[in-house]
Structure formats: C-alpha cells, structure tokens
1. Evaluate the distance, in nm, between pseudo-label points positioned 7 Å from the Cα of SER36 and of ARG91 along their respective Cα→Cβ axes.
2. How much length would be gained if the chain were fully extended between ARG64 and PHE7, taking 0.36 nm per residue of separation minus their Cα-Cα distance, in nm to one decimal?
3. Would you mind checking which residues have amide H under 5 Å from GLY94's amide H? H placed 1.01 Å from N; only 5 or more apart, or other chain.
4. Kindly write out, for the stretch 48-64 in residue order, the coupling ³J(HN,Hα) from the Karplus curve 6.51 cos²θ - 1.76 cosθ + 1.60 (θ = phi - 60°), rounded to whole Hz, with x marking Gly and Pro.
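Read the figures in this text as sums done on the coordinates, not as results from a lab. These numbers come from a predicted model, not from an experiment. Here the Cβ positions follow ideal geometry from the backbone for every residue, glycine too, while neighbour counts run over all protein chains shown.
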Amino acid sequence: MNEGPVFVVHRLLDEQIVDREGRRCGRVDDIEMRGSPPRITALLVGKGLYPRRLPGWLGRLARRQIGPEVWGRNALRIPWGEVDELESAVRLKGKAEELGLGVGDDPERWIVRRLPWN
C-alpha cells in the first residue's frame with residue numbers, strides 16, 4: 001500500500017468498501033487515528049456510527065432512530081492493515097465475512113428479497 005499522504009475527509013469518509021472478491025460491504029463511516037503525528041489505525045463501519053457525525057439535535061435525533069452504538073453489531077472496526085488499495089473504492093485484503101462485515105449490501109440480495117414470490 002502506498003505510504004503517501006491521504007486526505008482523510010475527502011478520500012475516505014463515505015467511500016464504498018469492497019472485499020477481495022469484489023463484493024460491496026458497506027461504506028466508511030468514521031476513521032480511527034492515533035499517535036503523533038496522527039496515523040490512520042482503522043476504518044470504522046456501521047450505521048451506529050453515523051449519528052456522531054451530525055451536529056447537536058440532529059445527532060440526538062439520529063441516535064434515537066438508530067439506537068446506541070454497539071460494537072460488533074452496528075459498529076465495526078477494520079484495522080488499517082486490512083486495507084489493500086485505495087482506488088475508486090476502499091479494497092480490502094480479506095473477505096467481508098472474515099472481517100465481520102456480514103453479507104454486505106449486495107444489490108442482487110436486496111432486490112431478490114423483495115420480489116413478491118419470495
């Protein structure tokens with residue numbers, strides 16, 4: 001992976017995540033940084049993280065709708081070492097299931113589940 005500078009907000013937040021098989025498995029909802037100077041240590045993924053990005057009353061309203069942040073259920077941590085490439089999407093080294101991302105947002109599954117005869 002390229003060790004050059006990454007403009008975090010513009011490059012990573014809300015970026016599509018794709019596993020090694022090319023399956024879409026979510027979007028980057030937040031970023032964990034540590035150290036001095038700060039370095040990216042993990043990507044944070046899950047709908048439970050979104051309210052923390054919203055200001056004041058809007059964040060509180062979203063938290064009421066989504067519920068509390070529960071690590072392992074609606075909030076997951078993907079170590080930065082699992083990122084393979086930054087292209088048009090964030091490509092991971094592993095499979096979605098191995099990283100706890102579940103079935104992802106595969107459009108065929110979404111459409112097939114909603115067909116009347118299923």
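1. Taking the simple label geometry, SER36 and ARG91 are separated by 3.7 nm.
2. 17.4 nm
3. HN-HN under 5 Å from GLY94: ARG20.
4. Working through the residues one at a time gives x, 8, 4, x, 5, 8, 9, x, x, 4, 5, x, 5, 5, 4, 5, 5 Hz.
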